[in-house]
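To keep things clear, I will list the structure first and then write my remarks on it.
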Amino acid sequence: MTDATTPQGPTDSEAVASLAVDPVAGTDAAPAPRGAVPDEVAALSGEAPASKTFWTNLNHPFTVGLLLTLGGLVALLLGIALTNIATILVYIGLAAFAALGLDPVIKWLGKHGVKRGWAIAIIFLTGAIIAVGVLWLVVPTLIEQIGQFVSGIPSTIANFEKSDFYHWLEGIFGTGLTTLVDEIEKFITNPSNIAAISGGLLKVGAGIAAAISGGLIIVVLTLYFVASLPAIKDSLMQFAPARKRPSVRAMTDQITDSVGGYLMGMVVLAFFNSVVATLLHAVLQLPYPLLMGVLAFLITIIPLVGPVLYWITATVIALFTSPISALIFAICYLIYIQIEAYVLTPKVMNRAIEIPGSLVVIGALIGGTLLGFIGALVAIPVTASILLIIKQVFFKKQDAKV
């Protein structure tokens with residue numbers, strides 16, 4: 001006779017385990033979150049139940065709150081640190097863009113048998129000679145013309161008030177125009193107002209010193225970036241998977257070549273604008289031709305809107321000297337703007353990425369709002385790079401989805 005044991009039912013551990021899954025839920029029951037336990041088990045053990053939300057599922061709320069607070073403080077400190085080093089970041093960005101702008105020239109010299117080291121030395125030596133020549137020949141004349149411009153403001157306004165154009169305006173606006181011009185003259189010719197506008201002479205001197213030191217820093221950084229640009233590209237390639245490195249390398253080379261060609265093209269076009277402006281002022285016998293040429297270079301280097309801004313500014317300034325000369329200048333420079341847009345720009349920018357005009361304006365506005373003149377200057381290459389990445393990566397992925 002065999003002893004048969006009668007089942008006594010499930011043990012306590014088995015009973016607890018059987019409660020882990022609700023039999024009513026079936027196979028569609030959602031798995032419990034990782035680190036959580038079912039509600040029935042939590043009722044026995046006192047742990048956080050799975051049915052609760054994330055915040056009530058935390059067994060150590062004090063620790064989590066402390067970590068979140070420390071994370072917020074670290075983010076705040078990083079923001080303050082980035083704000084304090086914003087100037088240095090701007091220097092680095094300008095030096096990087098300058099290095100990309102010089103790279104096409106270095107490659108062109110390399111195609112003619114000049115090694116990269118010698119090409120860099122030739123470029124920077126040529127730049128140093130040009131800088132010394134500008135300082136030696138142009139700056140004294142430029143300073144003299146600036147002094148003549150400031151000291152000649154009263155006589156310029158007086159001659160303007162005697163012109164037929166002024167009398168025509170006075171007939172439209174009445175005697176209030178004379179009062180307005182007189183107030184403007186008093187404000188401009190008052191040295192205290194000029195010092196107040198510029199923040200004081202001491203602040204102006206500090207700004208000039210900071211600009212000179214910043215320029216030297218940018219030149220040194222540009223030299224290092226140009227010399228190590230191939231190594232920098234190779235290092236960045238290591239972040240991409242090995243199977244994608246050839247395509248990433250090709251896209252990176254296309255971006256750098258396009259940005260470099262665009263930056264170099266902007267400088268060339270600004271130089272053409274400067275030469276044309278100087279010649280027009282000299283031929284039409286408008287005052288301060290060299291000063292206006294330098295102003296043309298600084299304004300027209302802004303993409304798209306620069307030439308138009310200079311055309312308006314120079315025409316308004318020329319009105320104070322001679323309305324007829326101002327009209328001739330406006331017509332001639334407007335003709336040059338059309339020639340530049342339809343003839344020079346396509347030839348100079350043949351290696352740059354084509355960007356829709358609306359994106360150019362939007363990019364310049366955003367860059368100018370964030371970083372001022374520098375932002376407007378570098379916004380277009382950045383927009384071009386983003387546009388190229390979208391075309392090469394996102395659009396190709398979308399086209400592959402059939």
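The values are calculated or read from the model by the stated rules, or taken from the named source; none is laboratory data. Note that the structure is predicted; figures quoted are calculated from it, not measured. Here the Cβ is made from the backbone with ideal geometry for all residues, glycine too, and neighbour counts use every protein chain on show. When the accessible area is computed, the model is the full protein with side chains, heavy atoms only, and any ligands, DNA or RNA have been set aside. Shrake-Rupley method; radii C 1.70, N 1.55, O 1.52, S 1.80 Å.
Only one entry in Q254, Q285 is open to solvent by 60 Å² or more (accessible area, probe 1.4 Å), at pLDDT below 90 and touching a Leu at 6+ places or on another chain (Cβ under 8 Å), namely Q254. Taking the stretch 293-318 as the range and being touching a residue at least 12 places away in the same chain (Cβ under 8 Å), surrounded by fewer than 19 Cβ atoms within 10 Å (Cβ to Cβ) and over 23 Å from the mean Cα position of the chain (by Cα) as the test, the residues that pass are T313, T315. Among the residues of the stretch 363-384, not one is small (G, A, S), over 9 Å from the mean Cα position of the chain (by Cα) and either surrounded by fewer than 21 Cβ atoms within 10 Å (Cβ to Cβ) or closer than 17 Å to L89 by Cβ (or both). Summed over the stretch 257-277, residues that are exposed (fewer than 15 other Cβ atoms within 10 Å of the Cβ) and under 22 Å from K391 (Cβ atoms) total 0.
Taken over the stretch 111-125, the criterion of being open to solvent by 40 Å² or more (accessible area, probe 1.4 Å), of a type outside the set (D, E, K, R) and assigned to a helix (DSSP H, G or I) is satisfied by G117, W118, A121, I122, F124, L125.
Of all the residues in the stretch 212-229, those that are part of a helix (DSSP H, G or I), free of Cβ contacts under 8 Å to residues at least 12 places away in the same chain and open to solvent by less than 70 Å² (accessible area, probe 1.4 Å) number 2. Evaluated against (1) at pLDDT 75 or above; (2) part of a helix (DSSP H, G or I); (3) surrounded by 11 or more Cβ atoms within 10 Å (Cβ to Cβ), A158 falls short on exactly one condition, (1). Of all residues in the stretch 387-401, exactly one satisfies the criterion of being part of a helix (DSSP H, G or I), basic (K, R) and surrounded by fewer than 10 Cβ atoms within 10 Å (Cβ to Cβ), namely K397. The residue list I335, I353 contains one member that is open to solvent by 60 Å² or more (accessible area, probe 1.4 Å) and either among the hydrophobic types (A, V, I, L, M, F, W, C) or at pLDDT 80 or above (or both), which is I335.
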